[in-house]
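Heads up, the thing below is written out as structure tokens.
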Amino acid sequence: MQYQFLTFSFSLIFLIVSANLLLKFIEKFAGRIKISPLVIGATIIAIGTSLPETFVAFSSLAQNAADISLGDIIGSNIANISLVLGLGILLFPVRIGTEKTQRNNLVMLLSTAAFVGLFLIPPEYRRMLGVLLIIFYATFLIMETVWGETGRQKEDKKALSKLSTRKGNALVYFLGILASIAGLIISSRYLVASVIYFSKLFNISGEIIGLSVVALGTSLPELATTIASGINKDWKLLYGDVQGSNIYNLSIIGAILFLSGKMNYNPPIYPLVILCLATLTIIYLSKKYEGTNIPRVYGLLYLGLYAFYIAKIYTS
């Protein structure tokens, strides 16, 4: 047990350090290539911080335990909004964009609807329709690139001019981003492993572990990035990472599960309801407070929603 406690402690420290390095490299990279931090957050960072969920998916399928990965996807997306973004809103003045943020919200809504909708059709059709999730995500990446180019000329022109413009190799900065993401993945992996150890020690079921402990663990990179982004006052990166991670989780990891042909498991209804509720409310708030800051009281409400979600899992 002492070894697991040390693993937990050192992994947490390494996670925080990796997140801070990630933010520094992103700022330099964005300044060199003149691309909005929102776009970087919704693509490169979102994919990188979602790699733990990806590894969980392949590992679960290999062990014929797709329900663990499914719980991880649903639980991670709930955690990203209600815990990660909720904490960000509570601690920092998160400013909402007027263009790309709203478009990404629409994409997040569509990906959530498509993912949940697949559970409403017979299992034999899910594998075929899983391809649509990959097509959906590929389209999103193309659109995000186009929006990033447009934003560079308009919405983000002023913000990009404030970024560091000192000379440096963009490739080196990009490799630094990848190395920092690797640090997030490695540290989160050991952190999750130690948490699962303690969960099994207290006899917690596999389904509950997937929806709560594993989901929380694989959301730690997003949480670390959010805190580091808030400290560095990079609100677009903070929000973009949550958007992009949720879209990636539902589209790509969802497609992996459905295409495997092993997704005959229907999750409990209440996690799907909470996922839809969290997605709808953050989209509503983003539209309501477009161009300004989301009041911090909503951060408390989201944390309350997450507490309710965890309590529901352990009392059902």
Q) closer than 16 Å to residue 253 by Cα, of a type in the set (Ser, Thr, Tyr) and over 16 Å from the mean Cα position of the chain (by Cα) - does that describe any residue in region 52-72? A) yes
Q | The lone exception for residue 277 - which of (1) closer than 14 Å to residue 89 by Cα; (2) surrounded by fewer than 22 Cβ atoms within 10 Å (Cβ to Cβ); (3) within 17 Å of the chain's Cα centre (by Cα); (4) modelled with pLDDT of 90 or more it fails | A | (1)
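Each row is one residue, and each column tells you yes or no for (1) surrounded by fewer than 19 Cβ atoms within 10 Å (Cβ to Cβ); (2) among the basic types (Lys, Arg); (3) at pLDDT 75 or above.
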| position | (1), (2), (3) |
| --- | --- |
| 204 | yes, no, no |
| 208 | yes, no, no |
| 233 | yes, yes, yes |
| 242 | no, no, yes |
| 250 | no, no, yes |
| 267 | no, no, yes |
**Q.** Members of region 125-166 that are more than 20 Å from residue 97 (Cβ to Cβ), surrounded by 12 or more Cβ atoms within 10 Å (Cβ to Cβ) and modelled with pLDDT of 55 or more
**A.** 126, 127, 129, 130, 131, 132, 133, 134, 136, 137, 138, 139
Q. Got a sec? Which helices (runs of 4 or more DSSP H) wholly within region 17-110 have at least 2 residues that are buried (at least 24 other Cβ atoms within 10 Å of the Cβ) and either touching a Cys at 6+ places or on another chain (Cβ under 9 Å) or at pLDDT 90 or above (or both)?
A. 66-78, 86-91
Q | Those residues of region 274-297 which are within 17 Å of residue 97 (Cβ to Cβ) and in a helix (DSSP H, G or I), in sequence order | A | 282, 283, 284, 285, 286, 287, 288
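Give me a count of the residues in region 114-136 that are of a type in the set (Phe, Trp, Tyr) and either without any contact (Cβ under 8 Å) to a residue 12 or more places away in the chain or at positive phi (or both). If you could, list the steps in order and put the result at the bottom.
Filtering region 114-136 down to residues of a type in the set (Phe, Trp, Tyr) leaves 115, 119, 125, 136.
Now drop any that are not either without any contact (Cβ under 8 Å) to a residue 12 or more places away in the chain or at positive phi (or both), which leaves 125.
Number of matching residues: 1.
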Q. Do we find a residue being out of contact with any Leu (no Cβ under 8 Å at 6 or more places or on another chain) and modelled with pLDDT of 80 or more anywhere in region 181-193?
A. yes
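The values are calculated or read from the model by the stated rules, or taken from the named source; none is laboratory data. Since the model is a prediction, treat every value here as computed from it, not as a measurement. All Cβ positions, even for glycine, are placed from backbone atoms using ideal geometry, and neighbour counts span all protein chains on display.
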